[in-house]
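The structure appears right after this line, and notes come after that.
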Amino acid sequence: MALRRIVLHPDPRLKKAATPVASVTDDLRRLADDMLETMYDAPGIGLAAPQVAVMDRLLVMDCAKEDDATPEPMVLINPEVVWTSEDRNVYEEGCLSIPDHYAEVERPKEVEVTWMGLDGKTQCERFDGLWATCVQHEIDHLDGKLFIDYLKPLKRQMITRKMQKLKREMARG
Ligand code: K2U
Ligand code: ZN
């Protein structure tokens, strides 16, 4: 298991669509393990492969975030949203690639997602609550979309400029 460096916005890898996974290999299993370790360490409740510079359609999440909750790690390969509810939910979202910036994003309240598990089997589940918000946020990452893309241009530009300044300061060490 190894911690992976999280790609920070702005970065072209966060704006590209990731590539479908052809088969579950030992490398992919190691990547999923490393992504879960990186997510828990951040800490976060979701992480998509492009956020660790791997352009595969793979995401991990664990929204059982109550402290005493037993972890419920999930690995979704080639996830697809197959149904969304009419009802919508607003949640103040953050992003591990855009640290310390939060904004309200409206999304469908419930979604049904199909994916391939690490066992190669196709799975299908309906998500609601924070799980629904998180899985949509992560699938957006696989399509090169960030939560700030739902904001008004001025707010998005302000966040991007602040992240450019942060990255310049980090580069200066
Ligand atoms: O993809 C990511 O950057 C991880 C996201 C996942 C997420 C964002 C918004 C809403 C739900 C999930 C977060 O940074 S994980 C941090 C976090 C923790 C608790 C609640 C919301 C966000
Ligand atoms: Zn994110």
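Between A2 and C124, residue separation times 0.36 nm minus the direct Cα-Cα distance comes to 41.0 nm. For the chain, how big is Rg over Rh, using alpha carbon atoms and the Kirkwood form of Rh? Rounded to two decimals, Rg/Rh equals 0.95. When a 1.4 Å probe is rolled over the protein heavy atoms, the share of accessible surface on the chain that falls to carbon and sulfur comes to 49 percent.
Within the shell of other residues whose beta carbon sits under 12 angstrom from the beta carbon of K155, the net charge comes to +2, with Lys and Arg scored +1 and Asp and Glu -1.
Provide V105, V75, V90 ordered by accessible surface of protein heavy atoms (probe 1.4 Å), highest first. Write down the numbers at each step before the final one.
Numbers: V105 5, V75 25, V90 80 Å².
The residues order as V90, V75, V105, largest area first.
For the chain, a Gaussian network of Cα nodes joined below 10 Å ranks L151, L76, L118 by mean-square fluctuation, and the top entry is L151.
Tell me the mean residue ellipticity at 222 nm calculated for the chain from its helices only (DSSP H runs of n ≥ 4, each -39500 (n - 2.57), averaged over every residue, nearest 500). Please list the in-between numbers first.
Working: 3 runs with 50 residues, N = 173.
Rounded to the nearest 500, it is -9500 deg cm²/dmol.
Where does each of W115, W83 land when they are ordered by accessible area, with a 1.4 Å probe and the largest first?
Descending accessible area places them as W83, W115.
For T25, the accessible area of its heavy atoms, probed at 1.4 Å with every protein chain present, is near 60 square angstrom. Among M39, M74, M61, the residue with the largest mean-square fluctuation in a Gaussian network model of the chain, with springs joining Cα atoms closer than 10 Å, is M74.
Largest first, what is the accessible-area ranking of E104, E112, E86, E138 with a 1.4 Å probe? Numbers along the way, then the final one.
Working: E104 135, E112 45, E86 170, E138 5 Å².
If we order E104, E112, E86, E138 from most to least accessible, we get E86, E104, E112, E138.
Per residue, the chain exposes 55 Å² of solvent-accessible protein surface, assessed with a 1.4 angstrom probe and all protein chains in place. Computed about the Cα centre, the dipole magnitude for the chain is approximately 1300 debye when only Lys and Arg (+1) and Asp and Glu (-1) carry charge, each at its Cβ.
The values are calculated or read from the model by the stated rules, or taken from the named source; none is laboratory data. The structure presented is a predicted model; accordingly, all values stated were derived computationally and were not measured. All Cβ positions, glycine included, derive from the backbone under ideal geometry; neighbour counts span all protein chains shown. Each accessible area value is taken on the protein alone, full model and side chains, heavy atoms only, with ligands, DNA and RNA left out. Shrake-Rupley method; radii C 1.70, N 1.55, O 1.52, S 1.80 Å.
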